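All remarks here apply to the structure that follows.
The values are calculated or read from the model by the stated rules, or taken from the named source; none is laboratory data. All values reported here derive from a predicted model rather than from experimental measurement. Here the Cβ is made from the backbone with ideal geometry for all residues, glycine too, and neighbour counts use every protein chain on show.
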Amino acid sequence: MKRRSFLAAMGALPSAVAASSFVAADSFSASPPVFLDYSQAQMDIAYDQSFWAADINGLQAGDGTASAAARAKIPPRTMHYGPGVNDLIDVFTPANASGVPIMVFTHGGAWEFNTRLDASYPAPTFVGRGAAYVTPDFENVKIVTLPQMVENCRRALEWTFHNAASFGGDPARIYLSGHSSGGHLVACLLTTDWAARGLPKDVIKGGLVMSGMYELYPVMISSRRTYVHITAEEEAALSPMRHLDQITCPIAVLNADKDSPEFIRQGTVFAEALRGMGRLADRKILFDTNHFEEPEELAKPDSEVSAVAFKLMGL
């Protein structure tokens, strides 16, 4: 089956976005659909980003290299936000920062891979614009459960709010961004009841989610079910689409045009829900870009992605 035909069958993308590469016919099963029009084989591929980006290993290695260069250029302060040995958070700030806005970036990696050391590359973009750039570490699902990962990210945000003044940040101007599984984690934070945790309900002033997952039901019937183990109750609790009433800020939703069609469908559904609520700040699908190239655009101050972030932050 042609990939373009597959995308069209899903009804997920305008024709201008559909990719033209081919998929071997035996890549897909003729078995009955398990979700929308997807067979189980199609569902597994839809959440396997290695299928949609040929140079996945090289692209991810490049993030580490670019992050090391950013850390050499702007050495961060690394602090603990929690009691765990890996509850670390990097803070990059302009010289003599005082009351600057804060961007907290949550890295992706299928909930399995990467650390804050792979997520430093956007720091010069934000610091150069007069903002603080903060990125936390957290254990992955090989070590902790997905609910624990979300809880760690919440604690990192709480630490950022309480300690903002110590690094020259403004606790009243905290923004979030994240990519892929990091986009899911950020969406969970955007739909958290912060007042119940003792923070201002509107502690987050804006969100930028890139190729995230906002409803876990289809994810948990894909191949990711083999390593992400959650209950039905946890699936509900960690599906941001089911907690839209908690959103208090504008959110920009981005995808790459070479994302899997299911990731784009997830972004489109989330964006349309936000539009109906009056909370959609922007919706973009980046041209000629794959899943792993998308966040790397934040390393370019003049990129379309950076422009979305700057607008969200009022920079």
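Yes/no matrix, rows are residues, columns are (1) farther than 29 Å from V228 by Cα; (2) surrounded by 22 or more Cβ atoms within 10 Å (Cβ to Cβ); (3) at pLDDT 95 or above:
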residue	(1), (2), (3)
S166	yes, no, yes
P171	yes, no, yes
L176	no, yes, yes
G183	no, yes, yes
C188	no, yes, yes
A196	no, no, yes
D202	yes, no, yes
V209	no, yes, yes
G212	no, yes, yes
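Would segment 18-30 turn up any residue that is of a type outside the set (V, I, T) and either touching a Leu at 6+ places or on another chain (Cβ under 8 Å) or modelled with pLDDT of 95 or more (or both)? So that I can check it myself, show each step before the final result.
If we filter segment 18-30 for residues that are of a type outside the set (V, I, T), which is where we start, we get 18-22, 24-30.
Next cut, either touching a Leu at 6+ places or on another chain (Cβ under 8 Å) or modelled with pLDDT of 95 or more (or both) only: 18-19.
Scanning segment 18-30, I find at least one residue that is of a type outside the set (V, I, T) and either touching a Leu at 6+ places or on another chain (Cβ under 8 Å) or modelled with pLDDT of 95 or more (or both), so the answer is yes.
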Notebook entry, point to check: Can you name the number of the only condition in (1) in contact with a strand residue (DSSP E or B) (Cβ under 8 Å, 6 or more places away or on another chain); (2) surrounded by 14 or more Cβ atoms within 10 Å (Cβ to Cβ); (3) among the small types (G, A, S) that G99 fails?
Noted result: (2)
Next item on the list: Please tell me if T78 is under 30 Å from K258 (Cα atoms) and either among the β-branched types (V, I, T) or at pLDDT below 95 (or both).
Entry: no
Margin query: So, in segment 290-313, how many residues would count as being at pLDDT 95 or above, more than 14 Å from the chain's Cα centre (by Cα) and either in a loop (DSSP other than H, G, I, E, B) or not basic (K, R) (or both)?
Written below: 12
Notebook entry, point to check: Which one is modelled with the highest pLDDT, of the residues in segment 49-75 that are assigned to a loop (DSSP other than H, G, I, E, B) and either of a type in the set (S, T, N, Q) or surrounded by 16 or more Cβ atoms within 10 Å (Cβ to Cβ) (or both)?
Noted result: I74
Checklist line | Selection from segment 145-162 of residues that are surrounded by fewer than 18 Cβ atoms within 10 Å (Cβ to Cβ) and over 15 Å from Y81 (Cβ atoms) | finding: T145, P147
